[in-house]
Amino acid sequence: MPTDSATRTVEIAAPLPTVLDTIRDLESQTVWVPEILEAEVLEEWEDSGLPATARFKASATVGTDSYVLTYEHRDDGMDWSMVKGRLQTGQEGSYQLVASGPDSTSVTFTLTIHHNLPLPGFVRKKVITGLVEGTVTGLKSHL
């Protein structure tokens, strides 16, 4: 089963709490992540009200996928993993935030996707790199 990963770090001209609130607002990803067509929070953590699981529909070069992710939240970001998917057999990701000034945040986005798609390695690399680049570029533009 192929596994593809990519990581990208960008500086965003917004304070860490603003960036954190934005990435935790999963349903807003349809606005700033080009590939996300639908996003719906299915469950929230009782103690914090933050998203615990969410369903997504996303487009990519290889087709449209539907999947459910589960989330863990930290004061400096969040992590997720896939519960179920259609094209993907697994997904892990994270946002790591570091305040680089009062109105500036360094954001590192890491994404790993597992799948059974019979694609050449250079195509898979281009797809995952494009997904990560589009996400951080969209976040930076949104804020």
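How much net charge surrounds residue 81 when only the other residues with a Cβ under 10 Å from the Cβ of residue 81 are counted, with Lys and Arg +1 and Asp and Glu -1?
Numbers: positive: none; negative: 72, 79, 92.
Residues close to residue 81 contribute a combined charge of -3.
So how strong a dipole does the chain carry about its Cα centre when Lys and Arg Cβ are +1 and Asp and Glu Cβ are -1, to the nearest 20 debye? Intermediate values should be presented prior to the final figure.
Values: 11 positive and 20 negative charges, 167 e Å.
With Lys and Arg at +1 and Asp and Glu at -1, about 800 debye.
Give me the number: length gained by fully extending residue 40 to residue 25, i.e. 0.36 nm times residue separation minus the C-alpha to C-alpha distance, one decimal in nm.
Numbers: separation 15, 0.36 × 15 = 5.40 nm, distance 1.01 nm.
My answer for the length gained is 4.4 nm.
Rounded to the nearest 500 deg cm²/dmol, what is the calculated helix-only ellipticity per residue at 222 nm for the chain, with -39500 (n - 2.57) per DSSP H run of length n ≥ 4?
Values: 3 runs with 35 residues, N = 143.
Per the formula, -7500 deg cm²/dmol.
May I ask for the Kirkwood hydrodynamic radius of the chain, worked out over all distinct Cα pairs and given in angstroms to one decimal? The partial results should precede the final answer.
Working: mean 1/r = 0.0649 Å⁻¹.
Taking every pair of different Cα atoms in the chain, averaging 1/r and inverting gives 15.4 Å.
By per-residue mean of other Cβ atoms within 10 Å, what is the highest-first order of 10-16, 47-53?
Details: 10-16: 17.0, 47-53: 13.7.
Result, highest mean Cβ count within 10 Å first: 10-16, 47-53.
So which GluC sites (Glu not before Pro) in region 46-143 end up in coil per DSSP with only 16 or fewer other C-beta atoms within 10 Å?
Working: sites: 46, 72, 92, 133; in loops: 46.
When the GluC sites (Glu not before Pro) of region 46-143 are filtered for loop state and at most 16 Cβ neighbours within 10 Å, 46 remain.
Looking at 30, 12, 50, which one has the Cα that reaches farthest to the positive end of the dipole of region 1-55 (charges on Cβ: Lys, Arg +1; Asp, Glu -1)?
Of the listed residues, the answer is 12.
So if each residue of separation counts as 0.36 nm, and I subtract the Cα-Cα distance between residue 129 and residue 98, what length gain in nm does that give? Walk me through the intermediate numbers first.
Values: separation 31, 0.36 × 31 = 11.16 nm, distance 2.21 nm.
Extending this stretch completely gives an extra 9.0 nm.
Cα centroids of region 1-52 and region 58-128: how far apart, whole angstrom?
Using only Cα atoms, the two centres lie 10 Å from each other.
How far, in nm, would the chain grow between residue 62 and residue 108 when pulled straight, counting 0.36 nm per residue and subtracting the alpha carbon separation?
Numbers: separation 46, 0.36 × 46 = 16.56 nm, distance 2.50 nm.
Contour length minus the Cα-Cα distance gives 14.1 nm.
From largest accessible area down, sort 86, 124; use a 1.4 Å probe on the protein chains. The partial results should precede the final answer.
Details: 86 150, 124 50 Å².
If we order 86, 124 from most to least accessible, we get 86, 124.
The values are calculated or read from the model by the stated rules, or taken from the named source; none is laboratory data. Here the structure is a predicted model, which is why all the values come from computation and not from measurement. Neighbour counts are summed over all protein chains in view; Cβ atoms, including those assigned to glycine, are modelled from backbone coordinates with ideal geometry. Ligands, DNA and RNA are stripped out before the accessible areas are found, and what is left, the full protein with its side chains, is counted by its heavy atoms. Shrake-Rupley method; radii C 1.70, N 1.55, O 1.52, S 1.80 Å.
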